[in-house]
Each structure stands twice: as structure tokens, then as C-alpha cells.
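Chemist: Below you'll find the structure I mean.
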Amino acid sequence: MNEARTEILARVREALAGSAIDVPEPPTPRDLAPVVTPEVIDLFAERVADYRAVVERCGLDQVEERVAAALPPGQAVVPPGLSIRVADAVVDDGTLTAAELDRIAAVVTEARVGIAETGTIVLDHAPNQGRRAISLVPDTHVCIVREDQVVPDVPDAVALLDPARPLTWISGPSATSDIELDRVEGVHGPRTLHVLVVAPREVTS
């Protein structure tokens with residue numbers, strides 16, 4: 001057995017003698033702060049809309065007004081660190097139960113990052129986004145995404161995210177299909193997703 005093994009290894013060495021082994025170059029690291037272009041913002045808005053979400057573009061000075069207009073009738077809940085004021089909203093202190101959240105019509109949060117290529121919004125549940133339950137239980141989610149938070153693709157987003165934090169990846173309203181391929185929305189999360197893409201300037205169109 002050892003003689004056969006020795007002979008096989010000798011043939012392998014002979015065949016490899018003088019041959020060059022190609023070592024692939026490591027991939028070029030991605031820029032941790034990719035440049036946000038108008039085309040990237042447009043693609044993000046288009047892809048989010050493809051998921052049957054409502055997408056609205058506005059300026060920073062218009063956010064509160066647009067959020068108020070996007071909210072359905074009923075109570076809204078907001079995370080404690082939300083940067084805007086939502087009139088008559090309940091500020092979540094972490095004690096609302098799932099049953100209590102189920103009676104709330106809408107939630108307003110900000111986002112950590114938006115991904116243009118996939119139309120995905122990522123929450124890392126910082127104070128301006130709140131705990132995961134408030135973004136999953138109410139029937140409507142109004143999410144604020146600043147233009148400077150949008151990146152071209154998934155690897156760009158991953159480079160910005162802390163894997164130690166809880167992450168929620170949102171691609172449109174919650175939806176599933178049964179065996180007959182009948183689409184049912186709102187089973188695993190909000191039935192309605194309303195995304196405000198916010199520019200640092202006034203948007204007139």
C-alpha cells in the first residue's frame with residue numbers, strides 16, 4: 001500500500017514540475033462610503049415601489065407633513081429616538097405588549113440603510129428605529145430613509161452594518177403565498193409600507 005501511495009505522489013510531483021500555479025488576486029475592498037448619485041437614489045425608489053410599497057420623495061423640511069399625511073386613522077407608535085415629532089403618537093418605552101401593539105394602526109421609524117439594487121431597507125434597531133416588535137406588529141409602517149443612507153448594493157450595506165446588532169431587512173410589505181399562489185399580505189409584518197426618501201433640500205416634484 002505504501003509503495004503504491006509513493007508511486008502516485010511521485011507521478012503527481014512529476015506532472016506538476018515546472019508548472020505555474022495561478023493564485024487569484026484578492027478582490028478589491030469596497031469603498032466603505034460609496035458615493036450616492038441621483039441614479040442610485042432613483043433606482044432605490046424604483047425597486048422599493050416594485051415591491052408594492054408606497055414611495056414618496058420629499059425634502060427634509062417636508063418630512064413631518066408627509067408623515068402625518070401617510071398615517072392611517074388610529075393610533076401611531078414611534079421609537080423614543082425618532083428625530084421628528086408625530087402628533088398624538090405613543091412613544092414606545094418597551095412595555096407595550098404584542099396585543100397592545102396589534103391595536104395600534106401604524107408605526108413611524110427611521111432606517112439604518114437603504115439598498116438600491118434590491119429595494120431593501122435595513123433597520124438595526126437603534127433608538128430612532130425602536131425594538132423589532134414595533135416595526136413588525138402594526139399594520140402600517142412609515143419608514144424615513146435619507147438619501148445619504150442609500151447605497152448601491154448589498155455588500156455596500158453589509159460594510160456599514162454591525163453584525164452584533166439585531167438586523168431587520170425589509171423588502172416591501174409583508175407578503176406570502178399559499179399552495180394556490182394566492183398572495184396574502186400582512187401575515188408576517190405590516191400590510192402597508194410607506195417609504196419617504198428624504199433629500200437634504202426641498203423637493204418640488
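Chemist: Here are Pro127, Pro138: which of them is in contact with a strand residue (DSSP E or B) (Cβ under 7 Å, 6 or more places away or on another chain) and in contact (Cβ under 8 Å) with a residue 40 or more places away in the chain?
Modeler: On the way: Pro127 fails: in contact with a strand residue (DSSP E or B) (Cβ under 7 Å, 6 or more places away or on another chain).
Testing whether each residue is in contact with a strand residue (DSSP E or B) (Cβ under 7 Å, 6 or more places away or on another chain) and in contact (Cβ under 8 Å) with a residue 40 or more places away in the chain leaves just Pro138.
Chemist: Of the residues that sit in segment 92-106 and are assigned to a loop (DSSP other than H, G, I, E, B) and of a type outside the set (D, E, K, R), which one is nearest to Gly74 (Cα to Cα)? Write out each step before concluding.
Modeler: First, the residues of segment 92-106 that are assigned to a loop (DSSP other than H, G, I, E, B): 92-97, 103-105.
Still in the list and also of a type outside the set (D, E, K, R): 94-97, 104-105.
Values: Gly94: 20, Thr95: 20, Leu96: 16, Thr97: 18, Ile104: 7, Ala105: 5 Å.
Filtering segment 92-106 for residues that are assigned to a loop (DSSP other than H, G, I, E, B) and of a type outside the set (D, E, K, R), the one nearest to Gly74 (Cα to Cα) comes out as Ala105.
Table: residues versus (1) open to solvent by 30 Å² or more (accessible area, probe 1.4 Å); (2) touching a His at 6+ places or on another chain (Cβ under 8 Å).
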{"position": "Gly130", "(1), (2)": "no, no"}
{"position": "Ser135", "(1), (2)": "no, yes"}
{"position": "Val154", "(1), (2)": "yes, no"}
{"position": "Pro166", "(1), (2)": "yes, yes"}
{"position": "Ile170", "(1), (2)": "no, yes"}
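Chemist: Of all residues in segment 56-84, count the ones that are open to solvent by 50 Å² or more (accessible area, probe 1.4 Å), within 15 Å of Asn128 (Cβ to Cβ) and in contact with a strand residue (DSSP E or B) (Cβ under 9 Å, 6 or more places away or on another chain).
Modeler: Total meeting the criteria: 3.
Chemist: Just a yes or no: is a residue in segment 108-123 open to solvent by less than 70 Å² (accessible area, probe 1.4 Å), touching an Asp or Glu at 6+ places or on another chain (Cβ under 6 Å) and of a type in the set (A, V, I, L, M)?
Modeler: No, segment 108-123 has no match at all.
Chemist: Please verify whether segment 184-192 includes one or more residues that are under 23 Å from Glu64 (Cβ atoms), at pLDDT below 95 and in contact with a helix residue (DSSP H, G or I) (Cβ under 8 Å, 6 or more places away or on another chain).
Modeler: yes
The values are calculated or read from the model by the stated rules, or taken from the named source; none is laboratory data. Being a predicted model, the structure only gives us computed values, none of them experimental. Positions of Cβ are backbone-derived with ideal geometry, glycine not excepted, and every protein chain shown enters the neighbour counts. Only protein heavy atoms, including side chains, enter the accessible area calculation; ligands, DNA and RNA are left aside. Shrake-Rupley method; radii C 1.70, N 1.55, O 1.52, S 1.80 Å.
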